[in-house]
Amino acid sequence: MSKFTGFTLDNFKTLFSDSRLILIVVQTFFLAFLSSLIATVIGTIGALNLVKFKRRRRETLLGLNNVLMVSPDVVIGASFLILFTIVGMKLGFMSVLLSHIAFSIPIVVLMVMPLYQEMDSSLIDAANDLGANSSQIMREITLPYLTPGIIAGFFMAFTYSLDDFAVTFFVTGNDFTTLSVEIYSRARAGISLEINALSTLVFLFSILLVIGYYYIMRDSETVGKSSNLT
């Protein structure tokens with residue numbers, strides 16, 4: 001920061017002229033979105049099925065689910081690296097994607113499952129009495145009720161994926177990298193003001209993400225309450 005003498009947009013111009021860094025930013029956000037979307041689908045299905053198991057089996061599966069939540073990131077990254085090496089998978093986008101999906105699924109499960117357990121079973125009983133089938137119950141009652149938890153799980157998984165460094169550092173290859181790994185690589189030569197400009201844009205995007213999350217959650221809760229009243 002010794003070169004910082006005042007406000008200027010020159011560093012933003014330098015940032016947007018760095019095609020490699022822009023490509024890495026796009027790759028990072030695409031990876032976070034895709035891994036969060038897949039993890040949300042798998043985690044939601046898993047949470048819906050875990051509730052149906054007997055208590056002992058459910059607690060065992062939840063314990064296994066929480067392993068990736070409590071294990072250090074370095075251990076998780078090294079474990080995935082060993083796994084991908086054993087199966088002969090080339091390190092790159094697919095290895096990073098699978099790793100991010102794996103550590104995001106437990107987050108989604110822990111967001112969705114408590115809501116499903118708190119759901120009033122009389123809603124489903126009433127739907128059955130009215131002749132609704134399983135798909136209609138899922139579409140019209142269960143999913144609207146679980147929407148706040150599903151959205152929260154998606155955003156949490158997105159944030160974790162966007163921010164992750166330790167796991168990604170182990171499983172990324174020469175032809176693919178993420179923003180956190182790239183910044184770490186450049187930091188060894190000294191952080192430039194170009195990185196500061198990028199950090200500013202990411203920070204502003206994070207604020208927009210929080211605002212969008214607030215309005216989405218508010219609307220989903222309103223829809224959920226109206227559907228329950230109906």
Seminar exercise, completed: Among (i) 1.06; (ii) 1.10; (iii) 0.94, the entry matching Rg/Rh (Cα atoms, Kirkwood Rh) as calculated here is (i)
For this session: Return the whole-Å distance between the Cα centroid of segment 156-216 and the Cα centroid of segment 81-109.
Result: 18 Å
Seminar exercise, completed: Expressed in nanometres to one decimal, the distance between label points 7 Å along Cα→Cβ at Lys54 and Glu118 is 2.9 nm
For this session: Output the peptides 94-105, 45-56, 128-139 sorted from most to least packed, where packing is the average of other Cβ atoms within 10 Å over each peptide's residues.
Result: 94-105, 45-56, 128-139
Seminar exercise, completed: With the dipole of the chain defined by +1 on each Lys or Arg Cβ and -1 on each Asp or Glu Cβ, the option from Ser185, Ala132, Ser206 whose Cα lies farthest towards the positive pole is Ser185
Exercise. Can you give the FRET efficiency for Phe16 and Ser134, using 1/(1 + (r/R0)^6), R0 = 35 Å, r = Cβ-Cβ distance, to the nearest 0.05?
Worked result: 0.10
Problem set entry | Angle in degrees between helix 19-50 and the longest Cα principal axis of the chain, rounded to the nearest 10 | 20 degrees
Seminar exercise, completed: Summing +1 per Lys or Arg and -1 per Asp or Glu among the other residues with Cβ less than 11 Å from Thr172's Cβ gives -3
Seminar exercise, completed: From DSSP H assignment alone, runs of 4+ in the chain each adding -39500 (n - 2.57), the sum over residues rounded to the nearest 500 puts [θ] at 222 nm at -26000 deg cm²/dmol
Problem set entry | Net +/- balance of residues flanking Gly63 in space, Cβ distance below 13 Å, scoring K and R +1, D and E -1 | +3
Exercise. For segment 16-229, what is the relative contact order in percent, using Cα pairs closer than 8 Å and at least 6 residues apart in sequence?
Worked result: 34 percent
Exercise. Roughly how many nanometres apart are two label points built 7 Å out from the Cα toward the Cβ at Leu208 and Ile82?
Worked result: 4.3 nm
For this session: Treat each spin label as a single point 7 Å out from the Cα along the C-beta direction, and report the Val41 to Ile216 distance in nm.
Result: 1.6 nm
For this session: Figure the gain on full extension for Leu98 and Phe165 (residue separation times 0.36 nm, minus the Cα-Cα span) and round it to one decimal in nm.
Result: 22.6 nm
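Rule-based calculations on the coordinates, nothing more; no lab input. Everything numeric in this text was worked out from a predicted model, so none of it was measured. Every residue, glycine as well, gets a Cβ built from its backbone with ideal geometry; the counts of neighbours run over all protein chains shown.
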